[in-house]
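**Student:** Below are the structure tokens for one structure; questions will follow.
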Amino acid sequence: MLSKRKINKIKLLNNKKNLRLDKFIDLALYDRNGYYLNKKPIGRKFDFVTSPEISQMFGEIIGVYLVYNWKEKINSKFNLIELGPGNGTLFKDIERTAKILPNFFENANVNLIEINNELRKIQEKNLKYFKQSKIRWSKALNFRSKLPSIIYSNEFFDCFPVRQFLNDNNHWFERYVKFNEKENKYYSINKRVISKKILEYLNKNKRQKIYEVSYSRNKYFEQICRYLKKNRGLCILIDYGYNNKIKNFTLQAIYNHKKTSIFENIGQQDISSHVNFNELIEIAKQNKLQINEFISQREFLIKYGILERKKKLLTNNSRLNKNLLNEEVDRLINVDRMGNLFKCLVVSNL
Ligand SMILES: C[S@@+](CC[C@H](N)C(=O)[O-])C[C@H]1O[C@@H](n2cnc3c(N)ncnc32)[C@H](O)[C@@H]1O
């Protein structure tokens, strides 16, 4: 649960004014007792399973993509940065794959960006045999190095808090959170938007009835784009998200593999939202980066060889369970499973 201090803070804020939805999510996820600072969320036993945990082939395909791009377009000392490495599984698979080109890691300054102390410990344990270069851990990206960078992430950008707006009879409202002392529970209310700047932004697309936006996510990505523009490099991010209008808000809470309300199990459950890729692409363009890829996870994995990899694994090792491998690949690329919902965006300045 959230600390008493934070709950009191929420109540206090509520007494004075309502608490904005993104601020509430920020407390639930990133408070000292929030979900992302303490919990071990990833894995079959925990709240959710991510692509690298489903199949080693996911990380292998990304590994080949990174190694190829480095060789072709950088081929010198560089920063290799993973955002939110979870259990370290994706890194491990990339590391194994990169052995096809040993000087990839010889030239890499590895930096893992992890905010969760528990996960950092797991990463240290899982990566203790990695000897190809030194791994540095940080809680936040720092932009001091002048070297080119390769930055990658899976299911990282969905973690950022969002604000929600809805249009009713040509008036925009924003979702806020209130706490009911008597019933001891949270609920949401809608407040009319009066800020001219925000109204201007919302009215850009008049036909849209709802809008979900994460300013902190956009800001984080903007910093990455500026950094790449200045020092060269490439960023590949994979996340669940959309590039069309949405009909429903995408904010969701997951507790023990089940969807719940964001007002339950506060601090104990994951809260995430789908990434609005149009906004990220717009930010990359404004920073004059190339958009190398914007395709579904299915298209990306097939384009860069997951089906051939599966075949090779089965040919080389007859003891591997064919049905299991087929199931893993299906889960990653089937359009009714993760194939379409997850998108892959690659932007670069190389
Ligand atoms: C949904 S998990 C994905 C983990 C991993 N990439 C995977 O695919 O299995 C999100 C990861 O990002 C980390 N994280 C979330 N918000 C963060 C932030 N603002 N800064 C650094 N790490 C963050 C979490 O602790 C976790 O490691």
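The values are calculated or read from the model by the stated rules, or taken from the named source; none is laboratory data. These numbers come from a predicted model, not from an experiment. Counting neighbours? That spans all protein chains shown, and the Cβs are built from the backbone with ideal geometry, glycine included.
**Student:** Can you say whether residue 135 is within 14 Å of the ligand (Cβ to nearest atom), surrounded by 12 or more Cβ atoms within 10 Å (Cβ to Cβ), closer than 26 Å to residue 65 by Cα and of a type in the set (A, V, I, L, M), as far as the supplied structure shows? Full working, then the answer.
**Tutor:** Numbers: within 14 Å of the ligand (Cβ to nearest atom): no; surrounded by 12 or more Cβ atoms within 10 Å (Cβ to Cβ): yes; closer than 26 Å to residue 65 by Cα: yes; of a type in the set (A, V, I, L, M): yes.
When the stated conditions are applied, residue 135 does not pass them.
**Student:** Only residues that are more than 16 Å from the ligand (Cβ to nearest atom) and under 11 Å from residue 152 (Cβ atoms): list them for segment 66-117, please.
**Tutor:** Across segment 66-117, the qualifying residue is only 69.
**Student:** Still on this structure, I have one more. Identify, from the list 77, 73, the residue that is at pLDDT 95 or above, charged (D, E, K, R) and in contact with a Lys or Arg (Cβ under 9 Å, 6 or more places away or on another chain).
**Tutor:** Details: 77 fails: in contact with a Lys or Arg (Cβ under 9 Å, 6 or more places away or on another chain).
Going through 77, 73 in turn, just one is at pLDDT 95 or above, charged (D, E, K, R) and in contact with a Lys or Arg (Cβ under 9 Å, 6 or more places away or on another chain): 73.
**Student:** Collect the residues in segment 221-236 that are surrounded by fewer than 21 Cβ atoms within 10 Å (Cβ to Cβ) and either touching a Ser or Thr at 6+ places or on another chain (Cβ under 9 Å) or farther than 25 Å from residue 69 by Cα (or both), keeping them in residue-number order.
**Tutor:** 231, 232
**Student:** Then there's this: Quick check on my filter: what residues within segment 138-155 are free of Cβ contacts under 8 Å to residues at least 40 places away in the same chain, closer than 19 Å to residue 231 by Cα and near the ligand (Cβ under 9 Å from one of its atoms)? Even if it seems obvious, please write down each step before you answer.
**Tutor:** Residues of segment 138-155 free of Cβ contacts under 8 Å to residues at least 40 places away in the same chain: 138-140, 142, 144.
Among the residues that remain, those that are also closer than 19 Å to residue 231 by Cα are: 140, 142, 144.
Of everything in segment 138-155, just one residue is free of Cβ contacts under 8 Å to residues at least 40 places away in the same chain, closer than 19 Å to residue 231 by Cα and near the ligand (Cβ under 9 Å from one of its atoms), namely 140.
**Student:** Looking at residue 226, is it touching a helix residue (DSSP H, G or I) at 6+ places or on another chain (Cβ under 8 Å), among the basic types (Lys, Arg) and assigned to a helix (DSSP H, G or I)? Write out each step before concluding.
**Tutor:** Working: touching a helix residue (DSSP H, G or I) at 6+ places or on another chain (Cβ under 8 Å): no; among the basic types (Lys, Arg): yes; assigned to a helix (DSSP H, G or I): yes.
No, not satisfied.
**Student:** Which number in (1) assigned to a loop (DSSP other than H, G, I, E, B); (2) within 22 Å of residue 297 (Cβ to Cβ); (3) modelled with pLDDT of 95 or more marks the one condition that residue 87 misses?
**Tutor:** Evaluating residue 87 over (1) assigned to a loop (DSSP other than H, G, I, E, B); (2) within 22 Å of residue 297 (Cβ to Cβ); (3) modelled with pLDDT of 95 or more leaves (3) as the failure.
**Student:** Among the residues of segment 242-261, what is the count of those that are closer than 22 Å to residue 186 by Cα and either among the small types (Gly, Ala, Ser) or exposed (fewer than 13 other Cβ atoms within 10 Å of the Cβ) (or both)? Lay out the reasoning, then the answer.
**Tutor:** Quick first cut of segment 242-261, residues closer than 22 Å to residue 186 by Cα only: 248-256, 258-261.
Applying the additional criterion that residues be either among the small types (Gly, Ala, Ser) or exposed (fewer than 13 other Cβ atoms within 10 Å of the Cβ) (or both) yields 248, 253, 256, 258-259, 261.
Residues that pass the stated criteria total 6.
**Student:** Going through segment 299-315 one residue at a time, which ones are in contact with a strand residue (DSSP E or B) (Cβ under 8 Å, 6 or more places away or on another chain) and crowded, with 18+ Cβ neighbours inside 10 Å?
**Tutor:** Within segment 299-315, 300 is the sole residue that qualifies.
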